[in-house]
Amino acid sequence: MPGQVPYDDAHKVSTVFDMEMFKNLEKGEVARVCVIDEQAYMAVRHYLKELGYYECHGDYETVLREGADPAKCVACKYAEDGREVPVSKAQRHFVSHIIRYTTNNKGELLKPITFKMMAWSFSNDKFNMLTDRQKNHGKLRGKDLIIKCTDKNWQRYDVDVAAGPALWLANDELKKRLADMWQKERHLDLDKLLCRKVDVGQMRDLVTKVIQKAPADIQKEAIAEAGSVLSESDLSGLLEGVESTPLAVQAPIQKTATGKMDTGSVVDVGVKKDELNFDDILRMT
Ligand SMILES: [Zn+2]
(Lines give C-alpha, C1' and ligand atoms only; values in the text may rest on other atoms or scores of the structure.)
Protein backbone atom coordinates (compact mmCIF):
# COMPACT_ATOMS: atom_id res chain seq x y z
CA MET A 1 0.00 0.00 0.00
CA PRO A 2 2.49 2.64 -1.10
CA GLY A 3 1.31 6.15 -0.44
CA GLN A 4 1.05 7.90 2.88
CA VAL A 5 1.57 6.02 6.12
CA PRO A 6 1.29 7.24 9.69
CA TYR A 7 4.37 7.39 11.90
CA ASP A 8 3.37 4.54 14.17
CA ASP A 9 4.82 1.27 15.40
CA ALA A 10 2.54 -0.79 13.18
CA HIS A 11 4.30 0.60 10.11
CA LYS A 12 7.84 0.10 11.33
CA VAL A 13 9.81 -2.68 9.72
CA SER A 14 12.69 -4.37 11.45
CA THR A 15 15.17 -6.77 9.89
CA VAL A 16 17.62 -9.20 11.38
CA PHE A 17 20.31 -6.51 11.06
CA ASP A 18 18.43 -4.34 13.54
CA MET A 19 18.84 -6.98 16.21
CA GLU A 20 20.89 -6.00 19.18
CA MET A 21 24.01 -8.16 19.50
CA PHE A 22 25.27 -9.53 22.79
CA LYS A 23 28.34 -7.35 23.02
CA ASN A 24 31.79 -8.18 24.27
CA LEU A 25 32.14 -8.20 28.03
CA GLU A 26 34.84 -6.43 30.01
CA LYS A 27 37.17 -8.61 32.07
CA GLY A 28 35.39 -9.47 35.32
CA GLU A 29 32.00 -8.34 34.01
CA VAL A 30 29.14 -10.72 34.71
CA ALA A 31 26.03 -11.10 32.54
CA ARG A 32 22.91 -13.13 33.23
CA VAL A 33 21.37 -14.59 30.07
CA CYS A 34 19.04 -17.33 28.88
CA VAL A 35 19.39 -19.03 25.49
CA ILE A 36 15.95 -19.07 23.87
CA ASP A 37 16.45 -20.94 20.59
CA GLU A 38 16.39 -24.69 20.88
CA GLN A 39 18.87 -24.97 18.04
CA ALA A 40 21.72 -22.68 17.12
CA TYR A 41 22.05 -21.25 13.64
CA MET A 42 25.37 -22.34 12.15
CA ALA A 43 27.49 -21.42 9.14
CA VAL A 44 30.98 -22.30 7.93
CA ARG A 45 32.68 -19.09 6.94
CA HIS A 46 35.89 -17.48 5.80
CA TYR A 47 37.05 -14.03 6.81
CA LEU A 48 38.18 -12.04 3.78
CA LYS A 49 40.34 -9.22 5.01
CA GLU A 50 38.49 -5.91 5.15
CA LEU A 51 35.51 -7.41 3.31
CA GLY A 52 33.96 -9.47 6.07
CA TYR A 53 32.68 -13.02 6.42
CA TYR A 54 31.63 -15.20 3.48
CA GLU A 55 30.16 -18.66 3.46
CA CYS A 56 32.56 -21.48 2.54
CA HIS A 57 31.60 -23.44 -0.58
CA GLY A 58 33.36 -26.57 0.61
CA ASP A 59 31.68 -29.84 1.42
CA TYR A 60 30.78 -29.59 5.10
CA GLU A 61 32.17 -32.93 6.17
CA THR A 62 35.34 -32.49 4.14
CA VAL A 63 35.98 -29.12 5.76
CA LEU A 64 35.44 -30.60 9.22
CA ARG A 65 37.70 -33.55 8.52
CA GLU A 66 40.48 -31.87 6.52
CA GLY A 67 40.11 -28.27 7.67
CA ALA A 68 39.55 -27.18 4.05
CA ASP A 69 38.00 -28.26 0.78
CA PRO A 70 40.17 -26.62 -1.88
CA ALA A 71 38.57 -28.62 -4.67
CA LYS A 72 35.19 -26.97 -4.13
CA CYS A 73 35.99 -23.67 -2.46
CA VAL A 74 38.34 -21.02 -3.85
CA ALA A 75 38.65 -19.41 -0.42
CA CYS A 76 39.74 -22.74 1.11
CA LYS A 77 42.41 -23.00 -1.59
CA TYR A 78 44.10 -19.78 -0.47
CA ALA A 79 43.16 -19.76 3.19
CA GLU A 80 45.86 -19.46 5.83
CA ASP A 81 46.06 -19.47 9.58
CA GLY A 82 46.47 -16.23 11.46
CA ARG A 83 44.61 -13.04 12.20
CA GLU A 84 45.99 -10.77 9.48
CA VAL A 85 45.92 -13.12 6.51
CA PRO A 86 43.96 -12.11 3.39
CA VAL A 87 41.75 -15.22 3.57
CA SER A 88 41.21 -17.05 6.84
CA LYS A 89 40.58 -20.78 7.10
CA ALA A 90 36.97 -21.94 7.14
CA GLN A 91 35.51 -21.93 10.64
CA ARG A 92 32.16 -22.91 12.04
CA HIS A 93 30.32 -20.06 13.72
CA PHE A 94 26.99 -19.91 15.47
CA VAL A 95 24.34 -17.44 16.49
CA SER A 96 21.36 -17.80 18.77
CA HIS A 97 18.55 -15.74 20.27
CA ILE A 98 19.13 -15.03 23.94
CA ILE A 99 17.64 -12.75 26.52
CA ARG A 100 19.96 -10.70 28.69
CA TYR A 101 18.65 -9.55 32.03
CA THR A 102 19.30 -6.04 33.25
CA THR A 103 22.00 -6.32 35.90
CA ASN A 104 24.92 -4.36 37.24
CA ASN A 105 28.45 -5.32 36.19
CA LYS A 106 28.58 -7.98 38.88
CA GLY A 107 25.56 -9.73 37.40
CA GLU A 108 23.26 -8.68 40.25
CA LEU A 109 19.70 -8.17 39.06
CA LEU A 110 18.20 -4.73 39.07
CA LYS A 111 14.58 -4.62 40.15
CA PRO A 112 12.06 -4.92 38.65
CA ILE A 113 13.27 -7.80 36.50
CA THR A 114 13.68 -6.73 32.88
CA PHE A 115 15.39 -8.31 29.91
CA LYS A 116 16.12 -7.69 26.26
CA MET A 117 16.19 -10.15 23.41
CA MET A 118 19.45 -10.15 21.48
CA ALA A 119 21.60 -12.27 19.22
CA TRP A 120 24.65 -14.05 20.62
CA SER A 121 27.29 -15.01 18.08
CA PHE A 122 29.92 -17.56 19.13
CA SER A 123 32.37 -20.19 17.92
CA ASN A 124 32.92 -23.91 18.56
CA ASP A 125 34.10 -23.62 22.14
CA LYS A 126 30.94 -21.93 23.33
CA PHE A 127 28.75 -24.25 21.26
CA ASN A 128 30.38 -27.19 23.03
CA MET A 129 29.99 -25.51 26.39
CA LEU A 130 26.28 -24.84 25.80
CA THR A 131 25.77 -28.42 24.64
CA ASP A 132 27.35 -29.67 27.88
CA ARG A 133 25.22 -27.33 29.99
CA GLN A 134 22.09 -28.60 28.28
CA LYS A 135 23.15 -32.21 28.75
CA ASN A 136 23.64 -31.68 32.47
CA HIS A 137 20.87 -29.21 33.29
CA GLY A 138 18.06 -29.73 30.78
CA LYS A 139 16.79 -27.41 28.07
CA LEU A 140 18.80 -24.23 27.79
CA ARG A 141 15.76 -21.98 27.72
CA GLY A 142 14.63 -23.30 31.08
CA LYS A 143 17.80 -22.16 32.89
CA ASP A 144 19.65 -18.89 33.22
CA LEU A 145 23.39 -18.78 32.62
CA ILE A 146 25.74 -16.63 34.64
CA ILE A 147 28.54 -15.60 32.32
CA LYS A 148 31.72 -14.18 33.79
CA CYS A 149 34.32 -12.79 31.40
CA THR A 150 37.84 -13.98 32.26
CA ASP A 151 39.64 -12.63 29.18
CA LYS A 152 38.45 -9.59 27.30
CA ASN A 153 40.50 -10.00 24.12
CA TRP A 154 39.42 -13.57 23.53
CA GLN A 155 36.05 -13.21 25.26
CA ARG A 156 36.70 -16.26 27.40
CA TYR A 157 33.97 -16.94 29.93
CA ASP A 158 33.28 -18.98 33.02
CA VAL A 159 29.69 -20.08 32.63
CA ASP A 160 27.59 -21.27 35.55
CA VAL A 161 24.00 -22.43 35.48
CA ALA A 162 21.89 -20.42 37.92
CA ALA A 163 19.98 -22.39 40.52
CA GLY A 164 16.27 -22.95 39.89
CA PRO A 165 14.25 -22.21 36.77
CA ALA A 166 15.06 -19.30 34.47
CA LEU A 167 13.83 -16.02 35.92
CA TRP A 168 11.60 -15.24 32.95
CA LEU A 169 9.52 -18.21 34.09
CA ALA A 170 8.93 -16.60 37.50
CA ASN A 171 5.51 -15.20 36.72
CA ASP A 172 2.93 -14.86 33.95
CA GLU A 173 3.81 -11.27 33.21
CA LEU A 174 7.44 -12.14 32.45
CA LYS A 175 6.40 -15.17 30.42
CA LYS A 176 4.04 -13.01 28.40
CA ARG A 177 6.78 -10.44 27.85
CA LEU A 178 9.08 -13.11 26.48
CA ALA A 179 6.34 -14.60 24.32
CA ASP A 180 5.66 -11.18 22.80
CA MET A 181 9.35 -10.66 22.05
CA TRP A 182 9.64 -14.13 20.59
CA GLN A 183 6.62 -13.56 18.40
CA LYS A 184 8.36 -10.53 16.91
CA GLU A 185 11.84 -12.01 16.55
CA ARG A 186 11.40 -15.68 15.78
CA HIS A 187 10.87 -15.23 12.04
CA LEU A 188 14.25 -13.51 11.62
CA ASP A 189 16.87 -15.69 9.99
CA LEU A 190 19.78 -15.12 12.31
CA ASP A 191 22.16 -16.97 10.02
CA LYS A 192 22.28 -13.79 7.93
CA LEU A 193 24.26 -12.33 10.81
CA LEU A 194 26.97 -14.95 10.40
CA CYS A 195 28.15 -14.38 6.85
CA ARG A 196 27.20 -13.37 3.35
CA LYS A 197 26.43 -16.02 0.77
CA VAL A 198 27.84 -15.48 -2.70
CA ASP A 199 28.13 -17.72 -5.73
CA VAL A 200 31.33 -19.39 -6.86
CA GLY A 201 32.20 -16.64 -9.36
CA GLN A 202 31.69 -13.86 -6.85
CA MET A 203 33.79 -15.71 -4.28
CA ARG A 204 36.62 -16.03 -6.80
CA ASP A 205 36.46 -12.27 -7.50
CA LEU A 206 36.50 -11.43 -3.79
CA VAL A 207 39.40 -13.76 -3.03
CA THR A 208 41.35 -12.28 -5.96
CA LYS A 209 40.67 -8.80 -4.65
CA VAL A 210 41.92 -9.46 -1.11
CA ILE A 211 45.00 -11.32 -2.33
CA GLN A 212 45.90 -8.45 -4.64
CA LYS A 213 45.65 -6.04 -1.73
CA ALA A 214 47.88 -8.18 0.47
CA PRO A 215 51.51 -7.19 1.17
CA ALA A 216 53.84 -7.89 -1.75
CA ASP A 217 55.46 -11.05 -0.40
CA ILE A 218 52.16 -12.82 0.21
CA GLN A 219 50.79 -11.46 -3.04
CA LYS A 220 53.70 -12.71 -5.14
CA GLU A 221 53.27 -16.23 -3.92
CA ALA A 222 49.50 -16.24 -4.10
CA ILE A 223 49.24 -14.59 -7.50
CA ALA A 224 51.75 -17.00 -8.98
CA GLU A 225 49.49 -19.79 -7.93
CA ALA A 226 46.28 -17.92 -8.44
CA GLY A 227 46.92 -17.92 -12.19
CA SER A 228 45.17 -21.24 -12.35
CA VAL A 229 42.23 -19.90 -10.43
CA LEU A 230 41.94 -16.62 -12.22
CA SER A 231 41.98 -18.00 -15.73
CA GLU A 232 38.43 -18.70 -16.83
CA SER A 233 39.28 -21.92 -18.63
CA ASP A 234 41.26 -23.36 -15.73
CA LEU A 235 38.61 -22.23 -13.37
CA SER A 236 35.85 -23.96 -15.25
CA GLY A 237 37.92 -27.14 -15.05
CA LEU A 238 38.65 -26.66 -11.40
CA LEU A 239 35.10 -25.89 -10.55
CA GLU A 240 33.39 -28.26 -12.91
CA GLY A 241 30.42 -29.84 -11.28
CA VAL A 242 30.89 -27.65 -8.28
CA GLU A 243 27.85 -26.04 -6.89
CA SER A 244 27.42 -24.19 -3.70
CA THR A 245 26.30 -26.90 -1.34
CA PRO A 246 23.57 -25.68 0.96
CA LEU A 247 24.80 -25.98 4.48
CA ALA A 248 22.89 -27.88 7.03
CA VAL A 249 22.13 -24.89 9.18
CA GLN A 250 21.60 -26.98 12.21
CA ALA A 251 23.78 -29.95 11.41
CA PRO A 252 24.17 -32.60 14.06
CA ILE A 253 27.74 -32.36 15.26
CA GLN A 254 29.40 -33.61 18.35
CA LYS A 255 32.91 -33.19 19.58
CA THR A 256 34.53 -36.48 20.45
CA ALA A 257 37.01 -37.09 23.22
CA THR A 258 39.85 -36.73 20.75
CA GLY A 259 38.73 -33.21 19.96
CA LYS A 260 37.88 -34.10 16.37
CA MET A 261 34.46 -33.42 15.01
CA ASP A 262 32.40 -36.53 14.71
CA THR A 263 29.61 -35.97 12.22
CA GLY A 264 28.22 -39.41 12.88
CA SER A 265 26.91 -38.60 16.31
CA VAL A 266 23.80 -36.63 16.90
CA VAL A 267 23.33 -34.04 19.57
CA ASP A 268 19.77 -34.16 20.74
CA VAL A 269 18.70 -30.57 20.58
CA GLY A 270 14.99 -31.11 20.52
CA VAL A 271 12.40 -29.85 18.06
CA LYS A 272 13.11 -27.88 14.90
CA LYS A 273 12.77 -24.11 14.80
CA ASP A 274 9.65 -24.35 12.67
CA GLU A 275 7.94 -26.42 15.28
CA LEU A 276 8.55 -23.91 18.02
CA ASN A 277 5.91 -21.46 18.92
CA PHE A 278 5.36 -19.02 21.67
CA ASP A 279 2.44 -21.02 23.07
CA ASP A 280 5.01 -23.61 24.04
CA ILE A 281 6.90 -20.96 25.92
CA LEU A 282 3.81 -19.82 27.76
CA ARG A 283 3.11 -23.40 28.73
CA MET A 284 6.60 -23.96 30.06
CA THR A 285 6.85 -24.20 33.79
ZN1 LIG B 1 36.03 -22.73 2.03
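The values are calculated or read from the model by the stated rules, or taken from the named source; none is laboratory data. Everything numeric in this text was worked out from a predicted model, so none of it was measured. Reconstructed Cβ throughout: ideal geometry from the backbone, glycine too, with neighbour counts over all protein chains shown.
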Filter result for Glu61 (more than 11 Å from the ligand (Cβ to nearest atom) and modelled with pLDDT under 95) = no
task = Collect the residues in region 51-83 that are in contact (Cβ under 8 Å) with a residue 12 or more places away in the chain and β-branched (Val, Ile, Thr), keeping them in residue-number order.
result = Val63, Val74
note = The number of residues in region 42-67 that are surrounded by fewer than 17 Cβ atoms within 10 Å (Cβ to Cβ), touching a helix residue (DSSP H, G or I) at 6+ places or on another chain (Cβ under 8 Å) and not aliphatic (A, V, I, L, M) is 2
query = So how many residues does region 181-205 have that are more than 30 Å from Lys49 (Cα to Cα), in contact with a helix residue (DSSP H, G or I) (Cβ under 9 Å, 6 or more places away or on another chain) and free of Cβ contacts under 8 Å to residues at least 24 places away in the same chain?
reply = 0
